[in-house]
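Working notes, beginning with the structure itself.
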Amino acid sequence: MRKLAIVGAESSGKTTLARELASALHSPWLPEYARRYFAAKGDTHYGLDDVIAIAQGQRAGEAEPALWQGASQGDWLVCDTNALVCKIWAEVRFGLCPVEIEAAWPAHDYALHILPTPDIAWQPDPLRENPHDRPALFARYQAALQASGAAFCIVSGSPAQRLAQVCAALGIRQP
């Protein structure tokens, strides 16, 4: 199964795109692990050890079909984030990225990283912290993807436009 990872700034449409892309590809999607982690923890206060645990949990979920949603089979696994999100999060919040997070992001394990532009309205959420830094965060993601040599595409516009752009990048007809 080939993996697609949707990464980027907070409130940039990652989850919406993950659901829609998985549906279009008739494939499962893996939700963002951080939401489940903080729900189990019972609060949203965190330290660097939490970010490491989230990176490792997100990566582990990629190998755990019981955590996937949508179609039970398909050619793709659409990941709503991956450990790159934790890498950027750790660098911004703590000024460093631990090796445990780096190890949880083997960039070339993904057929394609999808980077949505932050051109949609901010949606408040208890787990979101950076409503005014989204353009700078987008630039950090783009730089990290370029530095890694991973395949990636940038998508923008409406949900339908974003889906069409991903399908074009994958060289498949949009269903």
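Of all residues in segment 83-105, those that are without any contact (Cβ under 8 Å) to a residue 12 or more places away in the chain have Cβ atoms under 9 Å from Cβ atoms of residues that are open to solvent by 60 Å² or more (accessible area, probe 1.4 Å), 6 or more apart or on another chain, in ALA103/GLN56; ALA103/ARG59. Scanning segment 145-167 for residues that are touching a strand residue (DSSP E or B) at 6+ places or on another chain (Cβ under 9 Å), over 17 Å from TYR110 (Cα atoms) and either among the basic types (Lys, Arg) or loosely packed, with under 15 Cβ neighbours inside 10 Å (or both) yields a count of 2. A single member of SER11, SER23 is polar (S, T, N, Q), more than 15 Å from ILE101 (Cβ to Cβ) and in a helix (DSSP H, G or I), and it is SER23. Scanning segment 47-70 for residues that are assigned to a loop (DSSP other than H, G, I, E, B) and open to solvent by less than 40 Å² (accessible area, probe 1.4 Å) yields GLY47, GLU62. Pairs linking a residue in segment 46-70 that is of a type in the set (S, T, N, Q) to a residue that is open to solvent by 60 Å² or more (accessible area, probe 1.4 Å) and assigned to a helix (DSSP H, G or I), with Cβ atoms under 7 Å and 6 or more positions apart or on different chains, are GLN56/GLU100. Identify all residues within segment 107-128 that are closer than 13 Å to ARG59 by Cα and at pLDDT 95 or above; write none if there are none. The answer is ASP109, TYR110.
Suppose we keep only residues that are among the aliphatic types (A, V, I, L, M) and under 14 Å from the mean Cα position of the chain (by Cα) within segment 28-46. Which one would you say is surrounded by the fewest Cβ atoms within 10 Å (Cβ to Cβ)?
If we take residues in segment 28-46 being among the aliphatic types (A, V, I, L, M) and under 14 Å from the mean Cα position of the chain (by Cα), then ALA34 is surrounded by the fewest Cβ atoms within 10 Å (Cβ to Cβ).
So is LEU25 under 23 Å from ARG173 (Cα atoms), in contact with a Cys (Cβ under 7 Å, 6 or more places away or on another chain) and open to solvent by less than 40 Å² (accessible area, probe 1.4 Å) or not? Explain how you work it out, then say what you get.
Working: under 23 Å from ARG173 (Cα atoms): yes; in contact with a Cys (Cβ under 7 Å, 6 or more places away or on another chain): no; open to solvent by less than 40 Å² (accessible area, probe 1.4 Å): yes.
Taking the combined requirement at face value, the residue does not satisfy it.
The values are calculated or read from the model by the stated rules, or taken from the named source; none is laboratory data. Keep in mind that what you see is a predicted model, and the values were worked out from it rather than measured. Cβ sites come from the backbone with ideal geometry, for glycine too, and all protein chains shown count toward neighbours. For accessibility, only protein heavy atoms count, side chains too; no ligands or nucleic acids. Shrake-Rupley method; radii C 1.70, N 1.55, O 1.52, S 1.80 Å.
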